[in-house]
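So the structure is just underneath, and the comments pick up after that.
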2 protein chains.
Amino acid sequence: MARFEEVVSAVRARIRPDADERERLRAAVGELTERAEEAIADLSVDADVIQVGSTARGTWTSGDRDIDLFVRFPPEMDREELESLGLELGHAVLPDGHEEYAEHPYVKGQFDGFDVDFVPCYRVESATDIQSAVDRTPFHTTYLEARLDDDLADEVLLFKQFLKGICAYGSDLRTKGFSGYLAELLVLEYGGFREVLEATAEWHPPVRFDPEDHGTATFDDPLVVIDPTDPERNVAAVLSAENVARVQHYARDLLETPRESVFFPEPPDPLAPEEVHDFIAERGTTPVAVRFDAPDVVDDQLYPQLQKSLAGVGDALSRRGFDVLRADLFADESAVLFFELAVAERPAIERHDGPPVHVRAHATGFYEKYADSDAYGPFIDGDRYAVEREREFTSAVDFLRSDAILDAALGVHVESTLKTGYDVLSGDETGLLAEEFGTELARYFDPKP
Amino acid sequence: MARFEEVVSAVRARIRPDADERERLRAAVGELTERAEEAIADLSVDADVIQVGSTARGTWTSGDRDIDLFVRFPPEMDREELESLGLELGHAVLPDGHEEYAEHPYVKGQFDGFDVDFVPCYRVESATDIQSAVDRTPFHTTYLEARLDDDLADEVLLFKQFLKGICAYGSDLRTKGFSGYLAELLVLEYGGFREVLEATAEWHPPVRFDPEDHGTATFDDPLVVIDPTDPERNVAAVLSAENVARVQHYARDLLETPRESVFFPEPPDPLAPEEVHDFIAERGTTPVAVRFDAPDVVDDQLYPQLQKSLAGVGDALSRRGFDVLRADLFADESAVLFFELAVAERPAIERHDGPPVHVRAHATGFYEKYADSDAYGPFIDGDRYAVEREREFTSAVDFLRSDAILDAALGVHVESTLKTGYDVLSGDETGLLAEEFGTELARYFDPKP
């Protein structure tokens, strides 16, 4: 007990922004808001500016540098006008900023050491009237500001840092973890960080909450938290079953053995190529890797495409008899689909079952097709014809190097990139990946929850 | 059409016993019956002698040398007395005979070039009153004698020879084919050999007949022919789905391309060891063989035990990741379980899935068991823990050579034989099997329906 409180106090001291940091943030937000309001007045448009996100709610951890400012326009404004006015205001507020694109185009820039997003949205009556996802954000801030006092905000900080430490923080499509909003709602629900841990340790998914008791839809997700501002939305829709399990594991672990390292884990030492060779020799497997230039798209497009491609190529390998022990993907400048194979070679022939002999037309067609071929058979097994025919690919590497890889289910930009060229590495050659992905390979070969 | 009749005439000429052969058989049966009746009189027992089987019904093919004589005792006689009287009469009729054991002990011997079985049974009122399976046989003979004229008997000969040619004749547990009685009932049902072929070519199993329309039981067999003398019995109970398919295949084949070779196939040339090596190289597989002394039991015990052992060891190989492309068994002096493997080696590790993390007691037990072991992990995959742990056998040959083979489902005499010792051959070593099983290997590597 005491030990847990000690650890939590130490963590809190590391992550809680101090008065100076809070003051600098407040000053920056004040200055940016003033600039925005002046620009709105200059343009004579009906708009207002609000601060949203964790820095608005006092739930940001020390060192976070994200300021989110939303400019709200009347809901009857057409979308083109909203977008062009939003950008015009954004450039006025952040003269050195550049444009990015999420639901709308918006301006991103630096101010006094902070990363600032200046995002246009519609000022709708309620979160159910939204025209795009960003319109919902101000409602979240309003909801939480009214409920999170300073003590609860500190508890949120702890839970968010815990989620960061176990790699389950973030609702981006790479992480598929807990959004800040979801973390805040859970702390509100259970009343504190320790209470969240004790509860999640005992969860039996699917777990469902509906803080405002207004949910109207059903969801097939391991965790369902009905958005207090929108009865049709599951705040945890993106959260993977794996991250639910990860939180459960580490909640038990931290309560059992409290320690700061869960919140601030050291990354593993990157592997050298020779260390990869040692792991391969010890495991007796055949790793193969498909390496290509990472497609130039945002992470929320890139990772789903890589995940789809990893599954697609993995299925294609398995269907051809090349058994995958485990697979992973790495992305930086290159992207890598990495498969550790238990079976990398197959015989020259494969069995192919035909129809039951009593289905006369099909059976005769099958028999005649193969009777004069190079296949062994046809013979009868049970009530069916079967043959042993030449296998298309006797080696996983041959398959991966062939155009047949393009028939696998691939992400669209992965497919177009593969068409322009890619490398296939096999066995000890995969040690070369350590130059770019040594840390990822260290995690791969020493996997943890 | 004409061609089919030509072929059938030529076959009939080869298999129909001529007048001389029929006369020699009749004389032998007469002499044996006389001897039996004298012996019965000498012992003053209430018994009679009847001839049964194909030689009794005129449905034997030329060269068959089996005479079946049954001696029938009153149903109230106790079994011990029946058995001792049966043997005493048998030795009187066949002074050079020896005892064998089926349902009862009986005497088997030679007489004038014929193989004679002298079998005791009960003279029951109807086939439903039988005390053992042999009591039923006389009813079959009576039923068929009343219905098979000489023309139909000739048609039976053709169908039986066809079944012999395609290796589907015999209700023994090695062949699992058509008994003579079943062949005769089908010819009766359809009216001739050609009609049987035309009908079977179109069968959609399950196929059911009940010639006397008195069946009382249901059966889960591909072919059901209710015994005209016993409403509770399927005459085709032993017939395998594979032999049904084989008959369908060759019925179509013979009608399409009539030829004598279907009735009288040449056995393939036995393979030499080097030819086995060539097949292995061409197929790229790894054959492995477990060879041991064939247990000294009758074929109807031996083959089911070998089949069970083949399936049991095959399952054990597959469960350990050694994929079986095809398997077969050979038996003579030795018995061989032969497996052609597509995968004969596996990595040093195997994946082992644990419980879902949310099942706390099981999950924690699994985690703690492996956390400090040599296994890789535990890690989380989906909602479960998983580890990669050392694999017990990385080579199929190592498994087959170990005591773990005895945990496979084995026939009882196979298990006791393996405990006394066996050989494991792998790859080209399996060529050595050609010395004893060259013909079987020729069939294996050139499989036909």
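Computed from the coordinates by the stated procedures, all read-outs in this text should not be read as laboratory data. For clarity, every value in this text was computed on a predicted model and none was experimentally measured. Cβ atoms come from the backbone with ideal geometry, glycine included; neighbour counts cover every protein chain shown.
Treat each spin label as a single point 7 Å out from the Cα along the C-beta direction, and report the residue B:84 to residue B:259 distance in nm.
According to this spin-label approximation, the distance is 6.0 nm.
Relative contact order for segment A:349-390: what is it in percent, counting Cα pairs under 8 Å that are at least 6 residues apart?
Details: 68 pairs, mean separation 20.9, N = 42.
So the answer I get is 50 percent.
In percent, what relative contact order does chain A have, based on Cα pairs under 8 Å that are 6 or more apart in sequence?
RCO, chain A: 12 percent.
Report the Cα centroid-to-centroid distance between segment A:304-374 and segment A:123-193 in angstrom, as an integer.
The distance from the Cα centre of segment A:304-374 to that of segment A:123-193 comes to 44 Å.
Going by a ≥ b ≥ c, the root eigenvalues of the Cα gyration tensor, does segment B:102-153 fall in the rounded group (a/c under 1.5), the prolate group (a/b larger than b/c) or the oblate group?
Values: a/c = 3.37, a/b = 1.07, b/c = 3.16.
Oblate shape, in that a/c is at least 1.5 and b/c is the bigger or equal ratio.
Kyte-Doolittle cut-off 0.0, length cut-off 18 Å along the helix's own axis using Cα: show which whole DSSP H helices in chain B pass. Provide the component values of the computation, followed by the final result.
Values: long enough: B:2-15 (20 Å, 0.29); B:19-43 (36 Å, -0.65); B:79-93 (21 Å, -0.14); B:150-165 (22 Å, 0.07); B:241-256 (23 Å, -0.60); B:299-319 (29 Å, -0.56).
Those that clear 18 Å and a mean of 0.0 are B:2-15, B:150-165.
Along each principal axis of its Cα atoms, how long is segment B:150-262 end to end? Whole angstroms, biggest number first, please.
41, 30, 24
Residues with beta-carbon under 9 Å from that of residue B:449, excluding residue B:449: net charge, scoring Lys, Arg +1 and Asp, Glu -1?
Overall, the nearby charge balance is +1.
Which value does Rg/Rh take for chain B over its C-alpha atoms, Rh per Kirkwood?
1.07
Where does the protein assembly as shown land on the Kirkwood hydrodynamic radius, alpha-carbon pairs, in angstrom?
Roughly 34.9 Å, rounded to one decimal.
Report, for the protein assembly as shown, the % of DSSP beta bridges that are antiparallel, rounded to 5.
On the way: 92 of 116 bridges.
Bridges in the protein assembly as shown are about 80 percent antiparallel.
With N set to the number of residues, divide the alpha-carbon radius of gyration of segment B:17-138 by 2.2 N^0.38 Å and report two decimals.
Normalised Rg, Cα atoms only: 1.02.
Give the relative contact order (percent, whole number) for segment B:302-442; include only Cα pairs under 8 Å separated by 6+ residues.
26 percent
If a paramagnetic tag sat 7 Å from the Cα of residue B:311 along the Cα-Cβ line, which residues of segment B:269-303 would have the backbone N under 14 Å from that point?
B:303
Count, for each residue of B:356-365, the Cβ atoms from other chains sitting within 10 Å of its Cβ, then give me the mean as a whole number. List each step's numbers first, then the result.
On the way: counts 5, 13, 13, 1, 6, 0, 0, 4, 4, 0.
What the average comes to for B:356-365 is 5.
Between residue B:112 and residue B:266, what's the calculated FRET efficiency when r is the beta-carbon distance and R0 is 25 Å? Round to 0.05. Could you put the intermediate results ahead of the total?
Working: r = 31 Å, r/R0 = 1.25.
After rounding, the FRET efficiency stands at 0.20.
For chain A, what is the calculated [θ] at 222 nm in deg cm²/dmol (nearest 500), taking -39500 (n - 2.57) for each run of four or more DSSP H residues and dividing by its residue count?
Per the formula, -13000 deg cm²/dmol.
Gap in Å between the Cα centre of segment A:391-449 and the Cα centre of segment B:226-297?
Using only Cα atoms to place each centre, the spacing works out to 45 Å.
Under a Cβ-only charge scheme (Lys and Arg +1, Asp and Glu -1), can you give me the dipole magnitude of segment A:150-262 about the Cα centre, in debye to the nearest 20?
Rounded to the nearest 20 debye, it is 580 debye.
Placing +1 at every Lys and Arg Cβ and -1 at every Asp and Glu Cβ, with all other atoms neutral, what dipole size does segment A:202-338 have around its Cα centre, in debye to the nearest 20?
That gives a dipole near 620 debye.
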